[in-house]
Structures are given as structure tokens and as C-alpha cells.
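I have placed the structure first, in the form of C-alpha cells, so that the comments after it can refer back to it.
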Amino acid sequence: MSLPSFNDIKSLSNSEISEKIIQTEKELFNLRFKKATRQTFKSHEIKYAKRRLAHLKTLLTVNMNLQ
């Protein structure tokens, strides 16, 4: 699973971005929970989820400031 292009998520509306943020936060929580309980998971997915969350939050902030 690779990161989506930043240009792909720029076209989303603010409500869609908010939904994706919530979804990504849940995914990140689950990955951290798996790590804490020593279940098998792909460790690079934590990095990707954190980066995706940062992209989404940055884009939401920029969109809010432009309006």
C-alpha cells in the first residue's frame, strides 16, 4: 500500500477530508495497538499512516484558511 499522491487528495472537499482523517486516525490506533500487543503487522504502515494524516490535516488547514 503506497501513499496517495498529494494532488489526488487536493481535489477532495472539506467533509471528505475530515472523514479520511477520522479513518486514518482509527487505522493508526489499530496499528499501534497491534504493535503493543505484539501481533503481526507491517511496521512501515505506521509511517505511511502518520504521513497520510499529516497531509490530510495540512490540506484541511489550508482549505479552511482560504475560505
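The values are calculated or read from the model by the stated rules, or taken from the named source; none is laboratory data. Keep in mind it's a predicted model, so treat the numbers as computed, not measured. Every residue, glycine among them, receives a Cβ derived from its backbone with ideal geometry; neighbour counts consider all protein chains shown.
Tell me which residues, restricted to the stretch 23-56, are surrounded by fewer than 16 Cβ atoms within 10 Å (Cβ to Cβ) and within 8 Å of the chain's Cα centre (by Cα). If the condition is that a residue be surrounded by fewer than 16 Cβ atoms within 10 Å (Cβ to Cβ) and within 8 Å of the chain's Cα centre (by Cα), then Gln23, Glu25, Lys50, Arg51, Ala54 are the ones that fit.
Among the residues of the stretch 30-65, the one identified as under 18 Å from Ser5 (Cβ atoms) and touching an Asp or Glu at 6+ places or on another chain (Cβ under 6 Å) is Ala49.
When the stretch 1-31 is filtered for residues that are of a type in the set (D, E, K, R) and free of Cβ contacts under 8 Å to residues at least 40 places away in the same chain, the ones remaining, listed by number, are Asp8, Glu16, Glu19, Lys20, Glu25, Lys26, Glu27. If you go through the stretch 32-53 and pick out every residue that is of a type in the set (Lys, Arg) and either touching a residue at least 12 places away in the same chain (Cβ under 8 Å) or within 22 Å of Ser18 (Cβ to Cβ) (or both), you end up with 4. Of the helices (runs of 4 or more DSSP H) lying entirely inside the chain, those containing at least 1 residues that are among the polar types (S, T, N, Q) and modelled with pLDDT of 90 or more are 14-36, 44-66.
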